[in-house]
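Where a number appears in this text, it was derived from the coordinates with a stated rule and is not lab data. Computed from a predicted model, the values in this text were never measured in an experiment. Every residue, glycine among them, receives a Cβ derived from its backbone with ideal geometry; neighbour counts consider all protein chains shown.
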């Protein structure tokens, strides 16, 4: 089973809805022993929670082989809902106890459908790529051409 690390970050933690760049940095070791890493910048509109959930969903959709996936984020809402509510939401058709669709239900449903062959480990708090990713997300171009330096060198 592969180990994949997915690091989530946003240019802004403003809780209200706004246009923002969020993204993920993914790192793993391939079958041939070579390290693979990639960063994806996503321009979207929504709350911090919504945008981080979209970034996580996009990263998870890339998983083709059963993996142990470590998701690193400071977004406590995403982690708490993932760990404590997602199975119950899935059992209830992504409808809450009041009979209303769960907020961002389509994205949560996509996340749920992607999980099947994987072991997911949620890791809360700042991560080693936070500063670099915030810098990358804040650039005016919104491109993903820069590389981390030192031990964060992109070797893909």
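So is residue 32 crowded, with 17+ Cβ neighbours inside 10 Å, out of contact with any strand residue (DSSP E or B) (no Cβ under 6 Å at 6 or more places or on another chain) and more than 21 Å from residue 131 (Cα to Cα) or not? Criteria not met by residue 32. Scanning the stretch 116-133 for residues that are under 14 Å from the mean Cα position of the chain (by Cα) and not in a loop (DSSP other than H, G, I, E, B) turns up 120, 121, 122, 123, 124, 130, 133. Scanning the stretch 54-77 for residues that are closer than 13 Å to residue 6 by Cβ and out of contact with any strand residue (DSSP E or B) (no Cβ under 8 Å at 6 or more places or on another chain), we see that the one that is surrounded by the most Cβ atoms within 10 Å (Cβ to Cβ) is 57.
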